[in-house]
Structure formats: C-alpha cells, structure tokens
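Some notes on the structure that comes next.
The values are calculated or read from the model by the stated rules, or taken from the named source; none is laboratory data. Since this is a predicted model, take the numbers as computed values, not measurements. Methodologically, a virtual Cβ is constructed for each residue, glycine included, from the backbone with ideal geometry; neighbour enumeration extends over all protein chains shown. For the accessible areas, the whole protein counts, side chains as well, though only heavy atoms, and no ligand, DNA or RNA atoms are used. Shrake-Rupley method; radii C 1.70, N 1.55, O 1.52, S 1.80 Å.
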Amino acid sequence: MVECTDATLNEKSGTMATMGKRSNTIKQRHRADAARVQKTNRAVKDAVLRGCLFCRRSDGGFDAPEHILPESMGNTEAILPNGVVCDRCNHGPLAVIDEALCEFLPVKLRRTLLGIPSKRGAYPQMKLFKGTLSFIPGKEGGEPTLFINENASKRPMTSHEMLPDGKVAFTLSMSGGKPLKPPYASQLSRALLKSAFEYAWLDHGEELLDSRFDHVRDAVLGVPRDGFFAAAKTTDSNHTGAVISYNFESLGNGETRIAAGLLYAGVALFTDSRLMAPLTTMDGFIEVFPFEASQLRKPRS
Ligand SMILES: [Zn+2]
C-alpha cells in the first residue's frame, strides 16, 4: 500500500511554487518565466508524442495543469503539470467526476465546516431540513463563524452542547444531497480512481501507459462497468488533511487491479478498478454502493 500525506503531496508538486518566490528581481523573474515556458513547451511536445494519460490521444490540447484532487476541496499543491492529461479530458469527463466528489454530502459538509472555498472563491453552503448552514470567513484575520439559518418554525439544529474543551457539539437535520443511486456511485468511484491513478503517475510515470491499465482509463472516462463505491459510516472530525492511497495487485490472469482510497478531512472513501465489492466491510464499518454496467449510460465520444 502506498500512502501519501499532505506533506508528501506538497513536496512533490512544490517546485513550481517555490520557483516564483525565489525570483526577486525582474531579471530573475524573466529568466524563471523563460525556463518555465521552455519546460512547459517540452512537456507539451512529450505529451503530444506520448498521448493523454486517459484518452491516449494527442489532439486534445495540453495547456492546463490537472488537479489530482479538485481545487474546490482545498487542493492547491497536488497537481499534474501540463502534458500529462489533455485539456479535453480535464475540462470534460474529469471535471464532471470532480464536481460529483465535491458535492458528495459528507465531503461537502466537511468543506462547509472547515470553510474550504470553491475554485471561484465561494464558500460552500449546506441545505438543512428547513434552513442552511454557511461558513462565514473572519474579517481581517478574525475568527470565522458557522451560521445556521432557520427559515421555518421547524428547527434544523435539534440540539447543541458546550463541551468542557471549548468545542460545541450539535445535531443537524440535513436534507438534499443526491441519492446514492448506481449512476452516482459510479461517478464517485471514477473520481477516486482518477485521483489515485494520477497520484500513481507521480511515482510510476509512463509505466501507467501499459495496456494493463487500459481498464482504469476506460473506467475513469465513464465506460460502463460493474463496480462499487464505499464510504466509512463515521467521520473522524479531528482529521483535516487529505490522504490518497492506491494499491496495485497483479491478478493471476495477467490483469492488474487498482484499489483506490481517499481520506478527506476524516471522510474515508474506497473503490476498486475491478472488484464488484470490497474485500471487507470492516465489520459493517463501511457502507457499500454497488453499480452494474447495465445501469449506466455510455459516455459521449
Ligand atoms: Zn485526454
């Protein structure tokens, strides 16, 4: 099992960020810009020869970097440079599954409670049963506020309690959230496979272009398959980082499968590129949402 924490993710994709900081003078900055352009041009040339990590085509454009986890989940560091994933995949099917993951209720709740803004800088808002929960950032370095708006006599906050350590425990009635039907479970599974496969690129690079991984590419791009998405029933509210994990296993018939996991702000999510159910549900600790190819629509080509 290969695991990475925030710290290692930051380290791996930190080169471009520090490049800017070091260039203090205009001259240095120009030199750094020229080097960056050269590096990007080279990466794009390589990409055109190699083809996109997912669609394997060379004609989708390679102008945008790809976020391994969506920016709206607070990820500004774990990024694949231009030249790995084409713009057509990045802005097309990958954007759709990133959005599905951001909007998955437990993920969205953690984004709201922790005040993680979207790509456009908007703070997420949760729909409650008769009300909303919003994160309001502190003004000029002040403390942020969690704001519960009750719009009816029926109260969304059913109880709250001040704990001795200064924390507040509260119970909210939620509404909304997309029902976790097979097509949605498949989208979430694809989002986890995408992040794990992209993270694996940082460790294994072009090895991932091998035909053993074609089924992962197909799955991420939405080719219907049988599979599952699983989520832990409880959230670790003390956890605030992101841990992506992946595990390659060679199956006897020459095939490989990838088990993919994401621990995001205490929300633990799992999937697999081949299995139709997890190897364990950890004594009922995780809930499993299966899907079948016949329940899914083919992607537009
Ligand atoms: Zn592509």
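Every condition in (1) surrounded by 12 or more Cβ atoms within 10 Å (Cβ to Cβ); (2) farther than 28 Å from GLY74 by Cα holds for GLY284 except the one numbered (1). Within the stretch 107-123, not a single residue is surrounded by fewer than 16 Cβ atoms within 10 Å (Cβ to Cβ) and modelled with pLDDT of 90 or more. Set side by side, the residues LEU94, LEU101, LEU49 differ, and just one is touching a Phe, Trp or Tyr at 6+ places or on another chain (Cβ under 8 Å) and of a type outside the set (Gly, Ala, Ser), which is LEU94. Among the residues of the stretch 232-266, those that are buried (at least 21 other Cβ atoms within 10 Å of the Cβ) and of a type in the set (A, V, I, L, M, F, W, C) comprise ALA242, ILE244, ILE258, ALA259, ALA260, LEU262, ALA265. Residue pairs whose Cβ atoms lie under 9 Å apart, separated by 6 or more positions or on different chains, with the first residue in the stretch 198-210 and outside any helix (DSSP H, G or I) and the second open to solvent by less than 30 Å² (accessible area, probe 1.4 Å), are ASP210/THR256. For the stretch 60-68, check the following and say yes or no: at least one residue is within 16 Å of the ligand (Cβ to nearest atom) and among the aromatic types (Phe, Trp, Tyr). So far as the stretch 60-68 goes, yes, one or more of its residues are within 16 Å of the ligand (Cβ to nearest atom) and among the aromatic types (Phe, Trp, Tyr). Within the stretch 68-91, is even one residue over 15 Å from ALA265 (Cβ atoms), open to solvent by 70 Å² or more (accessible area, probe 1.4 Å) and at pLDDT 95 or above? Yes: the stretch 68-91 contains one or more residues that are over 15 Å from ALA265 (Cβ atoms), open to solvent by 70 Å² or more (accessible area, probe 1.4 Å) and at pLDDT 95 or above.
Of all residue pairs spaced 6 or more apart or on separate chains, those with beta-carbon atoms under 6 Å, a first member in the stretch 78-95 that is in contact (Cβ under 8 Å) with a residue 40 or more places away in the chain and a second member that is within 8 Å of the ligand (Cβ to nearest atom) and part of a loop (DSSP other than H, G, I, E, B) are VAL84/LEU53; VAL85/CYS52; VAL85/LEU53; CYS89/CYS52; CYS89/PHE54; CYS89/CYS55. The residues of the stretch 91-112 that are farther than 20 Å from ALA230 by Cβ, within 16 Å of the ligand (Cβ to nearest atom) and either in contact with a Leu (Cβ under 9 Å, 6 or more places away or on another chain) or among the small types (Gly, Ala, Ser) (or both), listed by number, are GLY92, PRO93, LEU94, ALA95. Taken as a whole, the structure places LYS45 among residues that are out of contact with any helix residue (DSSP H, G or I) (no Cβ under 8 Å at 6 or more places or on another chain), away from the ligand (no atom under 16 Å from the Cβ), open to solvent by 60 Å² or more (accessible area, probe 1.4 Å) and basic (Lys, Arg).
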